[in-house]
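Data block below; observations after.
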Amino acid sequence: MPEVETVVVVGLGYIGLPTAAIFATHGLNVVGVDVNAVTIEAVNRGSVPFVEPDLEVHVAGAVQQGRLRASKETPEADAFVVAVPTPFGDDYQADLSYIESAAASIAPVLRGGELVVLESTSPPGATHKLGDFLTRLRPDLSLEPNRANSIYLAHCPERVLPGRVMIELVTNDRIIGGLNQESAEKAQKLYSRFCQGEIHLTDAVTAEMAKLVENSYRDVNIAFANELSMIADDLNIDVWKLIELANHHPRVNILQPGPGVGGHCIAVDPWFIVAASPDKANLIRAARTVNDSKPEYVTSRVIEKAHKFHQPNIAVLGLAFKADIDDLRESPARHIVYELAKALPAASISAVEPHIGKLPSELAALPNVTLKDLHSAVEASDIVVLLVDHSQNKAFPRASLNEKIVIDTKGVWR
Ligand code: SAJ
């Protein structure tokens, strides 16, 4: 296959759009494909429909240079990168329907010789399934390498941290798993256009598992911290001090407790391992259960305090799933506010989230929840619940909370 010059990125979300932009600013001609007309219109204007530091500069520059455009239609290209969601259903089995739709949009424009990369975090076997989807739609193509009608398939899981995406895209190591060695090498060549980290080649299933294992490792470690936080409450000791002290041991590195684990990665990916091996994945399942129980635990603690008041005013600081971003997906804070409002109909709940302009619909529908700025929410409150360690919350002077009941789930005001 000659050098890749044109790339189609299917899915212009939190991963697809940064990836499209970085390919474009490294000299490739990129078309981003999405089903969402608002996203397409925003990208073609050079703007970004969500908050991610430095992304807009890259998108605007690439669009201005004529290297990046967005479209509903999938054009021909030398390489296709699939970055669509892989949610799970009620039974925690991964839903591959978005990958199947991506395959349906790519299949008609394949000519033979193209590289197709799956970036979406996927359960083991998904890259092979993508190959099956494509060859079922195009039986004239082959997944065997080095033929006139070959297509090359690889998994290259994204590993970037929201909030640091544009830096980590370039600096992180990458893992690439090919359906065969030729596919892995072609993907390596493509990603080395911008990736300054090492690129490690393996088979597709190992690459799929590596990504899931990274996030499960973090989930298990956070579950340990969250379990400790509840034990520390029983013992009436400071969990952050406890962890800080234990972490002085050279081989101990416990993460931080919080209101639960959110986002579309760590709260989701471990289930793909559990679903793949339900009899063996006991620790991984237990960690998910501990982390998923933490929002209920925080909610019940707030309710306990609120019962001291007839009509409590509660300021809840943060709705995002973590600090300094606007992403509310799988956010424990959002869940806690919802449960509090339902359990305490006489309470006024002021949600403070500086990164959004309006409440998500399920909260907006509740009569006792309003979106407020930090100072007015805290001033009117009896109880202050810190759920997200946004910079503005960390900077808020603890001394001005002395008259209030404070529940600080992130330990920022200790
Ligand atoms: N959290 C804690 N305590 C901690 C660290 C995190 O409670 O000590 C919580 C956060 O508040 C948040 C959740 O965990 O609710 C997840 O946040 P995160 O910063 O750990 O991770 P994500 O979901 O933003 O990004 C993760 C990263 N994976 C790892 O660090 C192993 C990122 O590199 C991946 O690319 C990303 O998942 C992904 O897309 O899979």
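The values are calculated or read from the model by the stated rules, or taken from the named source; none is laboratory data. Being a predicted model, the structure only gives us computed values, none of them experimental. With ideal geometry, Cβ positions are generated from the backbone for all residues, glycine too; neighbour counts draw on all protein chains shown. The protein model used for the area step is the full one, side chains on, heavy atoms only, and it has no ligands, DNA or RNA in it. Shrake-Rupley method; radii C 1.70, N 1.55, O 1.52, S 1.80 Å.
Using a probe radius of 1.4 angstrom, the carbon and sulfur fraction of the accessible surface of the chain is 52%.
Using the heavy atoms of the protein chains alone and a 1.4 angstrom probe, what is the accessible area of the chain per residue in square angstrom?
Counting only protein heavy atoms, the per-residue value for the chain is 44 Å².
Computed from Cα atoms, the angle from the helix 55-64 axis to the main principal axis of the chain rounds to 30 degrees.
With a sphere of radius 11 Å drawn around the Cβ of Pro354, what net charge do the other residues whose Cβ falls strictly inside it have (Lys, Arg +1; Asp, Glu -1)?
-3
Antiparallel beta bridges, as assigned by DSSP with both residues in the stretch 6-197, represent about 10 percent of the total such bridges.
Only helical runs count toward this figure. For the chain, summing -39,500 (n - 2.57) over DSSP H runs of n ≥ 4 and dividing by all residues gives -12500 deg cm²/dmol at 222 nm.
Label-to-label distance for Leu235 and Arg285 is 2.9 nm, based on points extended 7 Å past Cα in the beta-carbon direction.
Sorted largest first by accessible area at a 1.4 angstrom probe radius, with every protein chain in place, the residues Phe309, Phe272 fall in the order Phe309, Phe272. For the chain, what proportion of DSSP beta bridges, expressed in % and rounded to the nearest 5, is antiparallel? Around 5 percent antiparallel, to the nearest 5.
Going by accessible surface with a 1.4 Å probe and the largest first, Thr299, Thr202, Thr171 read Thr171, Thr202, Thr299. As a quick test, which of the pairs Lys186/Lys280; Lys322/Lys404; Lys72/Lys410; Lys358/Lys394 have an alpha carbon distance above 31 angstrom in this structure? Pairs exceeding the cut-off: Lys186/Lys280; Lys72/Lys410. Using a probe of 1.4 Å, the accessible surface attributed to Lys322 totals some 60 Å² when neighbouring protein chains are kept in position.
In terms of accessible area, using a 1.4 Å probe and ignoring ligands and nucleic acids, Ile22, Ile237 rank largest first as Ile237, Ile22.
The largest-to-smallest principal axis extents of the Cα set in the chain are 75, 47, 38 Å.
For Gln65 and His310, a Förster radius of 60 Å and the Cβ-Cβ distance give a FRET efficiency of 0.45, rounded to the nearest 0.05. Here the simple spin-label model places points 7 Å from the Cα toward Cβ, and for Ala148 and Arg251 these points are separated by 6.1 nm.
Within the full protein context, the accessible area of Arg67 is estimated at about 80 Å² for a probe radius of 1.4 Å.
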